[in-house]
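Engineer: Structure incoming, see below.
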Amino acid sequence: MKFWQRKTALVIAMIGLLLLAAATVTAQSTETHGKLAGAVYTDANGDGVCVGTGVAGENPVPGVEIVFVSSDKATVVTLTTGSDGTYGLAAAGQSIWEVTARPDATKWIVTSRNPLYVPVLPDTGLVQTDVNFCISQGGPNAVIVLPQSGAAANNNLPMGVLVTAVLGGLIVLAGVALEWRRRKVTGQK
């Protein structure tokens, strides 16, 4: 083999190794990023469920602002739903993303959970779809019936909490009384 043939073979081998290294880096970088996608639908009956229900009028809503905030609060991205009501955040970093729907408050109210916390992690999946929101027409004065998972909390205190609070107060009072007596006996102020 002549010198120039060896040099050409070496150059071709080096280019092949560089291409292989570039492909490996590209493959690794795409594996560390995820994707979040979903849609916003009209909630015709205000029940907080609007995807695949078969209820007439539960259609996609374009132009709704969607805000993504990473768990470390370092990344904030704002998108708007497209003409088909869908949105997507490609190349989302690994995080537990807070995803919030912000429709025009004079026309819409969110009837589903809002915000949603979506893990984009290797163990839970780097691609998360069906991150959907339901909104109902009516603005801030609309009356919405939320599903059981979003129902208002029971404001009645359980008896155990009340008894614990009273006993805790009595223990504190007993401690204050004993300290007062100790100081009186020892002459401290």
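The values are calculated or read from the model by the stated rules, or taken from the named source; none is laboratory data. Keep in mind the model is a prediction, meaning the values are calculated, not measured. When we count neighbours, we look across all protein chains shown, and the Cβ atoms used for this are built from the backbone with ideal geometry, even at glycine.
Engineer: Tell me yes or no: at least one residue of segment 133-145 is part of a helix (DSSP H, G or I) and either at pLDDT 85 or above or surrounded by 12 or more Cβ atoms within 10 Å (Cβ to Cβ) (or both).
Structural biologist: yes
Engineer: Here's something else I'd like to know. Here are some conditions: (1) in the same structural domain as Cys50 (by TED's automatic domain parsing); (2) at pLDDT below 85. Ala177 meets all but one. Which one does it not meet?
Structural biologist: (1)
Engineer: Could you tell me which residue of segment 97-125 is modelled with the highest pLDDT, considering only residues that are of a type in the set (Gly, Ala, Ser) and under 24 Å from Glu58 (Cα atoms)?
Structural biologist: Among residues in segment 97-125 that are of a type in the set (Gly, Ala, Ser) and under 24 Å from Glu58 (Cα atoms), the one modelled with the highest pLDDT is Ala101.
Engineer: Also, quick follow-up: If you go through segment 97-132, how many residues are outside any strand (DSSP E or B) and farther than 22 Å from Cys50 by Cβ?
Structural biologist: Of the residues in segment 97-132, 4 are outside any strand (DSSP E or B) and farther than 22 Å from Cys50 by Cβ.
Engineer: Run down Gly150, Gly168, Gly160 and say which single residue is under 32 Å from the mean Cα position of the chain (by Cα), modelled with pLDDT under 85 and over 19 Å from Thr86 (Cβ atoms).
Structural biologist: Only one candidate qualifies: Gly150.
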